[in-house]
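Beneath this line is the structure, given in structure tokens, with notes to follow.
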Amino acid sequence: MATVQNMLEEERHDDTIKDQYLTFAIEDEDYGVEIAYVKEIIKMTPITKVPEMPNFIEGLINLRGDLIGVLDVRKRFNKPSKDHDEETCIIVIMYSDYTLGMIVDAVQETAIIPEERIFAPPSAKLSYANQFIRNIGKVGDEVKLLMDIERFLAQD
Amino acid sequence: MSDFDRESMLEMFIFEMNHLVDQLESTIVQAESEYNIDQINEIFRIMHTIKGSSAMMMFDNIAGVSHSIEDLFYYLREDNPKNLDYKRLSDHVLSGADFVKEELAKIQDGREADGDGTELAETISNFLKQIKGIEPSEPTISAPAQPAVARSAASPITSTAGDMMHKYRARIHFQDGCEMENIRAYTLVHNLQEFAQDITHEPQDVIDEETIPIIRKNGFMIEFSSSKDYDYINKHLGQTVYLRELTLDELGTPEAKAAAVPVSAPVEDVPVAAKEAVVLEEVIAPPPPPSDAAVGDTAHRKGAASHMISVNVSKLDALLNLMGELVISEAMVTQNSELEGLQLESFHRETRQLRKIVTNLQETVMSMRMVPLSATFFKMHRIVRDMCRQLDKDVQLDIVGEETEVDKNIIEHIADPIMHIIRNSIDHGVEQPADRSKANKPAKARVLLEAKNAGGDVLITIKDDGRGINTAKVLAKAKNNGLTTKADNEYTDKEIMQFIFLPGFSTNDQVTAFSGRGVGMDVVTSNLEVVGGTALVDSVPGEGTTFTLKIPLTLTIQEGMSVLVAGAQYTIPIANIIKSFKAQPENLFTDPSGNEMITERGEIFNIVRLHEFFNIEGAVTDICEGTLIMLENGEHVVCLLVDDLIGQQQAVVKPMPKYFKKVQGLSGCTLLGNGDISLIIDVAGFFDK
């Protein structure tokens, strides 16, 4: 855990991506993921199922010749699935050794959220999905739930 | 000389040296009890080359040590003394080999080769003096008391007075347009030094490029004396690369050595030339492939080896990756969906030709990467020898099937596992000679190291006839370490034995120099996992232990059969497939515990439904409607139910993304021609579940 924190600290020093978050929607909530982890955003593509995987792992996609795993954020958050539509996207993230895709309802924007606009979440675990939230950021009046990627990827 | 030159020369130097040391070790270990003349010659030749090359690269400490060993073997070769203490001799040579290895390791890491070999060289020289002392009747050579630290790149072998010397003059013309005549001439002189002395040549200063036109015009004149006869010399010189014309005359034996005072520059004076010659020699005659290191192969290798080049492995890796991409893109073109329904007679004819070329190309690329296991196997002799001496055990290592070839990348990962298993077998498995005779076993234990091909895999077996594995002890230890997950009596012997592959597991109460620290056997599994291999252990108490390593022949491209299950494609390695067929209802039956079986040509086979195995929904569930594929893995056979066959395909194997945990029955994935993904079935997975 400590090393991850260090890594995050280091990346924050990089001014070009400092305080930047890619925000996306799941159901009615807005989430944010640090832009440093985001490799690219692609539209939905056919996914090959892999047997014997946790339910939130959708399968494999072919990203220009590289095979990468894809996770369904809705399933990970224990939310009801929704049919994929025009807006459904895969956010390709790189975290530690992994390159992975996250299926989200829709990608919104890149938001700059300075540190003073970021708050710790209420300490009580209000819901299952809460455990994947590290902080809460505010952009104007809107609230963005900032993801804890490490928790999100952990395969308990 | 620029850094770059030195860098690339160093790389070749290290490569060649390592190879020579390996060869040296295996020769010594083979020879251990008594050296025959071939082996003495072989060791002499190796030490001579090591001395020459290291002196050229100015590693004087290596040259010094190798020089003293060379002297020793020169004496052995010429005088053939009896009643030698061969054990001590081997010890001396092996410690010399160790010294060279140590220094090489330093050079390889970019450090200074600063080891002091004077003492070792001294010891060896003293040993030589000692054996000469036992043989007073031979008033022969004056061994150099001081280790040779001079830049003795090409120091001629000290002459022996007893030999009949012949004096020769040779004139050599090289082929037109062969270039670098002066360097070739130098190489020639250098090679002559193995058996000739008092070498003089015209032109004198061959390193000067201005001599090239002279050599082209007049030829290269060389005079020397040698104990070899005319035919030998003629044959040797006749092997010179790019030779156009050779005239060799015998001048009669020189009355006195003084008569042959060099009239032209002795070769020692041209160290720069010497260095260049290393490179050239490498290019013309690189070391033979490891298979040549096989026992007793003392044939002169320079002639045959001139067709070999050494290539950096990273280039081969790049070639292999490109090959994989070529296979995929070929499939993308020839199976393009836009071609569907078109009448394309000549297109299909041409694509068949393309397919053929791609397949040939692929086989060639794969074969370039295949390396025989012999070098890895023969290294084990040394380990067995060292352990036996230290543990006072008597073990004979038998090697079978060392010519089996495996991909270069794989070989790097299996040397350590084999070594650990052999150490383990000798340390834990093999008993002390006294205990062995009590158990009515021959005092000399046997360890068998065997490799053989089995389908797309190579099986490496390490078998000893020691005391076997004490399953009770292993289980107790496993329980102690909290490794067990079920009640003791539920474990089969086979399951218990697999515990020894877990990290930190060792039943040896005392830590020895070789094993007992609990590292080792888990290295076996972790190293094998990298290359997709597995390790199995089997043991009969009192009779011995057998380890079997299963390793894929090659990593990347496999011939596969595509099958369909619930709309998704899976690829089964062709090597595992016996046949496919449609089931007839009358041949199907179910045993009382619900296992489905089929009789096919009088034999009964288990049926595995792929969709059940992987919990896939929407597949064909009626066995007669789907297709059965008969699969084999080792001696086991099973029939696999799939929806349908699609066809044969080249599969470029890609590992599953790291994030995915290992799934039993899957070995990886592959991209299909249309960009779809197919999962590759690991047939072995169907048998362990």
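Taken together, the values in this text are just the output of simple stated rules run on the coordinates, not laboratory data. These numbers were taken from a predicted model, which means no experiment stands behind them. In this analysis, Cβ positions are derived from the backbone assuming ideal geometry, glycine residues included, and neighbour counts consider all displayed protein chains.
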### Query
the stretch B:597-689: which GluC sites (Glu not before Pro) are DSSP loop and have at most 12 other beta-carbon atoms within 10 angstrom?
B:GLU617, B:GLU625, B:GLU635
### Query
Quick one: length gained pulling B:ARG216 to B:ASP676 fully straight, 0.36 nm per residue minus the C-alpha distance?
159.2 nm
### Task
Compute the Cα gyration tensor for the stretch B:550-655, then decide on rounded, prolate or oblate, letting a ≥ b ≥ c be the square roots of its eigenvalues: rounded whenever a/c is under 1.5, prolate when a/b is larger than b/c in the other cases, and oblate in all that remain.
prolate
### Message
What does the extension gain come out to for B:ASN360 and B:GLN239, with contour length at 0.36 nm per residue minus their alpha carbon separation?
### Response
40.1 nm
### Query
How far apart, in nm, are two points set 7 Å out from the Cα along the Cα-to-Cβ line at A:LYS138 and at B:ASP98?
7.3
#### Entry: Per-residue HN-Hα couplings for the stretch B:213-229 [Karplus 6.51, -1.76, 1.60; θ = phi - 60°; Hz; x = Gly/Pro]
x, 5, 5, 5, 7, 9, x, 9, 9, 9, 10, 7, 10, 8, 7, 6, 7
### Query
Taking a quarter of the surface of the Cα convex hull of the stretch B:12-73, what do you get in nm²?
3.9
### HN-Hα J in Hz across the stretch B:100-116 - Karplus 6.51, -1.76, 1.60, θ = phi - 60°, x for Gly and Pro
4, 4, 4, 5, 4, 4, 5, 4, 5, 7, x, 9, 6, 7, 9, x, 9
### Query
Do any trypsin sites (Lys or Arg not before Pro) in the stretch B:537-592 lie in a loop, going by DSSP, with at most 13 other beta-carbon atoms within 10 Å of their beta carbon, and if so which?
B:LYS582
### Query
Which residues' amide hydrogens lie under 5 Å from the amide hydrogen of A:ASP30, considering only partners 5 or more residues apart or on another chain, with H built in the peptide plane?
A:LEU145
### Task
Just grab the label-to-label distance for B:LYS579 and B:VAL311, each label 7 Å out from Cα along the Cβ direction, in nm (one decimal).
4.1
### Summary
For peptide A:43-56, the mean count of other chain Cβ atoms within 10 Å per residue Cβ is 4
### Message
Sequence gap at least 6, Cα distance under 8 Å: using those rules, report the relative contact order of the stretch B:25-94 to the nearest whole percent.
### Response
40
### Under 13 Å from B:LYS494, Cα to Cα: aspartates and glutamates that are on another chain or at least 8 residues apart
B:ASP538, B:ASP688
## Note on the structure
Once both label points are put 7 Å beyond Cα along the C-beta direction, the B:LYS479-B:GLU625 separation in nm becomes 5.2
### Query
What is the packing order of peptides B:448-454, B:328-334, B:421-427, taking the mean over residues of other C-beta atoms within 10 Å and listing the highest first?
B:421-427, B:448-454, B:328-334
### Task
Return the FRET efficiency for the residue pair A:THR110, B:THR548: r is the Cβ-Cβ distance, R0 is 45 Å, and the value is rounded to the nearest 0.05.
0.20
### Task
For the pairs B:LYS550/B:LYS654; A:LYS18/A:LYS82; A:LYS43/A:LYS79; B:LYS167/B:LYS217, note any where the Cα-Cα span goes beyond 27 Å.
A:LYS18/A:LYS82
### Message
Around B:ILE607, under 12 Å between beta carbons, what's the net of Lys plus Arg minus Asp minus Glu among the other residues?
### Response
-3
#### Entry: Stretch gain in nm, segment B:LYS494-B:LEU536, where the contour uses 0.36 nm per residue and the Cα spacing is subtracted
14.2 nm
### Query
Which whole number gives the average count of other chain Cβ atoms within 10 Å of the Cβ atoms across peptide B:561-569?
1
### Task
List every residue whose amide H lies under 5 Å from the amide H of B:VAL430, counting only residues 5 or more places away in sequence or on a different chain, with H placed 1.01 Å from N in the peptide plane.
B:ARG467
### Task
Provide the net charge surrounding B:ALA105, with neighbours chosen by a C-beta distance below 11 Å and charges set as Lys +1, Arg +1, Asp -1, Glu -1.
-1
### Query
Given H placed on each backbone N at 1.01 Å, which residues far from A:GLN108 in sequence or on other chains put an amide H within less than 5 Å of it?
A:THR23, A:PHE24, A:ALA25
### Message
Using DSSP to call loops (not H, G, I, E or B), can you name the trypsin sites (Lys or Arg not before Pro) in the stretch B:29-103 whose Cβ has at most 10 other Cβ atoms within 10 angstrom?
### Response
B:LYS82
### Task
Go through the stretch A:132-148 residue by residue and turn each phi into a ³J(HN,Hα) via Karplus (6.51, -1.76, 1.60, θ = phi - 60°); whole Hz please, and just put x for glycine and proline.
8, 9, 8, 9, 10, x, 10, 10, x, 8, 7, 9, 10, 8, 8, 6, 9
